């Protein structure tokens with residue numbers, strides 16, 4: 001029988017989405033020894049945009065340019081929403097800590113601290129978002145100035161249509177045209193998606209030169225050119241700068257349908273940057289059971305092939321997401337939290353999970369399911385008390401929020417991660 005492997009740390013982070021990555025970053029920045037556990041797949045679904053607060057009430061689809069005013073209205077109407085327990089200065093501090101980290105990792109963002117910016121989506125609609133990758137920022141400016149623009153796609157590209165974007169945006173951006181060119185190496189026009197393989201094609205100088213030659217005749221009077229997110233994976237900023245000098249126009253990327261290259265860039269930035277901060281990354285592992293040591297530490301037993309592994313930690317941040325991330329499990333008799341057996345806020349009956357109309361403007365009650373917490377983001381037990389003194393929750397696993405419809409997913413993840421780490425550090429490092 002193989003001997004077990006034991007890893008000891010102050011804080012274990014369960015989850016590798018935005019909340020898990022942010023939790024690991026904030027904890028490491030405060031001098032904590034951190035082990036992060038999970039399989040980083042969900043972040044690949046990210047558009048790259050970091051929403052703070054965009055839509056409330058969801059049934060009215062009211063979109064806000066001022067995310068802080070939106071948050072004030074939200075917390076007045078829905079006092080149980082996780083944002084209600086957070087302070088604006090802490091949310092600002094969280095982003096002020098996250099964005100330089102991403103910049104250092106080669107993934108710079110732009111934002112206006114007090115307002116959202118309008119970003120063109122792959123459907124041709126305009127979305128209010130808080131932080132925009134630098135590779136997409138010229139699209140924000142072009143839309144605001146109504147610059148003469150060109151949206152470009154490729155023969156065979158299935159998940160991005162320049163003509164559809166231009167047609168849908170006609171009322172908001174009239175000086176906009178569409179063009180289609182051939183992706184270098186795909187002269188036969190075979191069908192493909194705007195993924196990692198496509199992005200890496202243009203990383204080769206020869207392919208970029210071919211792309212520039214095919215695009216030049218279409219530019220004419222355009223001042224800004226929009227493309228699907230295929231301008232490289234690791235060096236997109238440098239590639240855009242080079243292409244802009246070659247063609248004499250401003251370039252910007254438009255998010256594509258996930259899984260996306262912007263999501264891949266986020267994952268690469270977090271993995272590389274967190275590794276440099278000493279995070280013990282167990283990114284191919286999964287926690288299967290949880291126990292306690294005689295001293296009260298958590299013992300996280302991992303699903304590993306070969307040597308059994310146990311992570312012993314003083315505290316845990318549960319940031320595993322909802323159903324897709326494995327933080328919650330939907331069974332025939334209800335929704336449960338599988339690791340700590342925590343109570344889950346949910347509709348009283350499975351028949352009430354969804355409304356009759358799939359597109360009901362109120363959303364579906366199951367999207368409000370999750371863990372209820374105290375003011376320190378500690379999940380509550382059945383009696384309404386913290387289930388464990390040093391167990392915290394962050395991100396979409398929290399109850400009373402519908403992040404997708406409210407357009408607050410990244411903000412919720414980053415802000416609650418910051419608050420959870422702060423609560424843990426204040427608790428264990430107090431005199």
Considering only the stretch 44-63, state which residues are outside any strand (DSSP E or B) and surrounded by 21 or more Cβ atoms within 10 Å (Cβ to Cβ).
46, 47, 48, 49, 51, 52, 53, 54, 56
Criterion violated by residue 330 - all others in (1) surrounded by fewer than 15 Cβ atoms within 10 Å (Cβ to Cβ); (2) under 24 Å from the mean Cα position of the chain (by Cα) satisfied
(1)
Inspect the stretch 377-395 for any residue being closer than 28 Å to residue 34 by Cα, surrounded by 15 or more Cβ atoms within 10 Å (Cβ to Cβ) and under 16 Å from the mean Cα position of the chain (by Cα) and give the result as yes or no.
yes
Anything in the stretch 123-137 that is within 24 Å of residue 162 (Cα to Cα) and under 17 Å from the mean Cα position of the chain (by Cα)? List them, or say none.
127, 128, 129, 131, 132, 133, 134, 135, 136
Hey, does the stretch 197-205 have a residue that's assigned by TED's automatic domain parsing to the domain that holds residue 245 and touching a strand residue (DSSP E or B) at 6+ places or on another chain (Cβ under 9 Å)?
yes
Criterion first (over 26 Å from residue 415 (Cβ atoms) and in contact (Cβ under 8 Å) with a residue 12 or more places away in the chain) does residue 332 satisfy it?
yes
Testing residue 341 on (1) in contact with a strand residue (DSSP E or B) (Cβ under 7 Å, 6 or more places away or on another chain); (2) assigned to a loop (DSSP other than H, G, I, E, B), one condition comes back false. Which one is that?
(1)
Being more than 23 Å from residue 34 (Cα to Cα), touching a helix residue (DSSP H, G or I) at 6+ places or on another chain (Cβ under 8 Å), surrounded by fewer than 15 Cβ atoms within 10 Å (Cβ to Cβ) and assigned by TED's automatic domain parsing to the domain that holds residue 62: is that true of residue 405 here?
no
Working only within the stretch 31-43, note down all residues that are surrounded by 24 or more Cβ atoms within 10 Å (Cβ to Cβ) and on the phi > 0 side of the Ramachandran plot.
38
Taking residue 427 as meeting all but one of (1) surrounded by 14 or more Cβ atoms within 10 Å (Cβ to Cβ); (2) under 24 Å from the mean Cα position of the chain (by Cα), write down the number of the exception.
(2)
What about residue 152, is it assigned by TED's automatic domain parsing to the domain that holds residue 237 and farther than 30 Å from residue 412 by Cβ?
yes
Tell me, please, whether a residue that is surrounded by 13 or more Cβ atoms within 10 Å (Cβ to Cβ), in a loop (DSSP other than H, G, I, E, B), in contact (Cβ under 8 Å) with a residue 12 or more places away in the chain and within 28 Å of the chain's Cα centre (by Cα) can be found in the stretch 198-211.
yes
Looking at 28, 12, 70, 22, can you tell me which residue is touching a strand residue (DSSP E or B) at 6+ places or on another chain (Cβ under 6 Å), outside any loop (DSSP other than H, G, I, E, B) and surrounded by 24 or more Cβ atoms within 10 Å (Cβ to Cβ)?
12
Within the stretch 231-248, can you find the residues that are free of Cβ contacts under 8 Å to residues at least 40 places away in the same chain and at negative phi?
233, 238, 239, 241, 242, 243, 244, 245, 246, 247
Single match in 150, 102 (criterion: surrounded by 15 or more Cβ atoms within 10 Å (Cβ to Cβ), more than 20 Å from the chain's Cα centre (by Cα), at pLDDT 95 or above and within 24 Å of residue 198 (Cα to Cα)):
150
Residues being modelled with pLDDT of 95 or more and either under 20 Å from the mean Cα position of the chain (by Cα) or within 17 Å of residue 397 (Cα to Cα) (or both): count how many of those fall in the stretch 30-48.
2
Restricting to the stretch 235-268, name every residue that is over 11 Å from residue 196 (Cβ atoms) and outside any helix (DSSP H, G or I).
235, 248, 249, 250, 251, 252, 253, 254, 255, 256, 257, 258
Filter result (over 27 Å from residue 293 (Cβ atoms) and surrounded by 19 or more Cβ atoms within 10 Å (Cβ to Cβ)) within the stretch 349-371
366, 369, 370
What number of residues in the stretch 73-112 are in contact (Cβ under 8 Å) with a residue 60 or more places away in the chain, in a helix (DSSP H, G or I) and in contact with a strand residue (DSSP E or B) (Cβ under 9 Å, 6 or more places away or on another chain)?
5
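The values are calculated or read from the model by the stated rules, or taken from the named source; none is laboratory data. Here the structure is a predicted model, which is why all the values come from computation and not from measurement. Cβ coordinates were reconstructed from backbone atoms using ideal geometry, including for glycine residues, and neighbour counts include every protein chain displayed.
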